[in-house]
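Below is one structure, written out as structure tokens; the observations come after it.
Bear in mind that the values in this text are calculations on the coordinates, not laboratory data. Note that this is a predicted model, so its numbers are computed, not measured. Every residue, glycine among them, receives a Cβ derived from its backbone with ideal geometry; neighbour counts consider all protein chains shown.
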Amino acid sequence: MSWSRSTALGFTAALYVLAGRWAFTRLAPAGTGPDPFQELRLWIVMGGLLLASLGMAHAAHRGPAPGETRLDAGLVAALVAFFGYVCASAAWAPESRFVSWKLYEVVLSAVMTLGCGLAALRQPADRVLEGFWLIVVTATGLLALVGLRQFLGGGGGARLAVMGGGPNVFARLMGMFALGALYFWRRGGPTWFWIPAAATGVLLAILTGSRGGALAIIAGVLTFLALGRIPLRRLLLLSVLATVATMAVISFTPLGKALTHSMEERFLKLTLKYNDGEAGEGGVYLSGREVLYARAYALGMDVPVVGAGLAGFTALGLGVYPHNLFLEVFCEGGALGLMYLGAVFLAYARAAFRGRRGLDAATVGAVVLVLVGSQSSGDLYDARSLFLLMMLSSCTTAAREAPERFEPESCVHAEGAT
């Protein structure tokens, strides 16, 4: 029973992270309006609620055993306060017709995040994480294959994206694929398979041309390496294999030219040499986001304490959303909103520091990946996986009582032989 619950929770949490706003109406003729009951995310959250009820039932009958997940009270309280305040900000929103849909999304995020923590109660931490990352790697691996086929079929001239999502979304998914590959590698998986798989995720993210996505992946992988307590010789082997895999792709596959073009156009010319549409001296090209950032900041400064209210940025005609998590919270929730959001990060940092010897490096890396990515892409709901990953990380960290050491399979066999 414990195995099935752990697997179901990992499956549900991974689907929630990956599903986004996908709805069955996309399969219907064009012109079909939004319908919450046609959205996959609603049914995923309902499944999470069912698992949460099971978790609470088990928690009511016995205490936690060693190795089982536990809630961090500080993080739970901070999340409840943050989501509660965001929902309350609907009371002073400037335009009610924009509020209901965003309030619905905030409630979904809150219910799934807190429900995930409750569903994880009294379950083996390693099984929960393994179930989560197994589904993530499987799903994102399939998306990677779809993306490659679509990219090569189109001649390699467009930015990489799949299933109607944007390049930034696909870059973030490939970051999750890379971290998932590193997760299984660190747990004794074959190096020859998982390291090239992780490198492939990074290369596909580069093909999207998403500079924010590339920066997020770098931050996530560096976090993994910093927290993974991986011996230096293993790091060197990782670097060599990743380099060989990259050079092989560039030299012997049709992706080589596309990768070179993406690096030159998106990462060098636009980022370092953009000036009025021409390569040369000038500032960084931000795809128009600097205008949205300025509008969000100005709106926040107009109502600095409580902000303009939920969906205020959209209601006032300033844009769809600011493309920055902190600016969105500031302009719609004011300094109080930022204070509650900051409390969430402080609570998570405290939980991570307290259980630092048992942190799962890949999950913390995914937290950093989404956090960095949310500063240049997406809105509050697009950052939903940030809160769920913090909950998942804190729950599983609390279950570990001893540090998890990285022991390559060869070393284990050598010790057994002696």
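Could you list the trypsin sites (Lys or Arg not before Pro) in segment 30-117 that lie in coil according to DSSP, counting only those with at most 16 other Cβ atoms within 10 Å of their Cβ?
Arg62
Among Asp72, Asp126, which comes first, then next, by fewest other beta-carbon atoms within 10 Å?
In order of increasing Cβ crowding within 10 Å: Asp126, Asp72.
Describe numerically, in nm with one decimal, the distance between label points set 7 Å from Cα along Cα→Cβ at Glu290 and at Ser239.
3.5
Once label points are set 7 Å from the Cα along Cα→Cβ at both His61 and Leu142, what is their separation, rounded to one decimal in nm?
Once both label points are built, they end up 3.4 nm from each other.
Could you put Arg149, Arg187 in order, starting from the residue whose Cβ has the fewest other Cβ atoms within 10 Å?
Arg149, Arg187
So how do Ile250, Ile217, Ile230 line up by other beta-carbon neighbours within 10 Å, fewest first?
Ranking Ile250, Ile217, Ile230 by Cβ neighbours within 10 Å, fewest first, gives Ile250, Ile230, Ile217.
At 0.36 nm per residue, and after removing the present C-alpha to C-alpha distance, how many nm does the segment from Ile250 to Trp22 gain when stretched out fully?
78.7 nm
Between Ser96 and Arg354, what's the calculated FRET efficiency when r is the beta-carbon distance and R0 is 56 Å? Round to 0.05.
After rounding, the FRET efficiency stands at 0.85.
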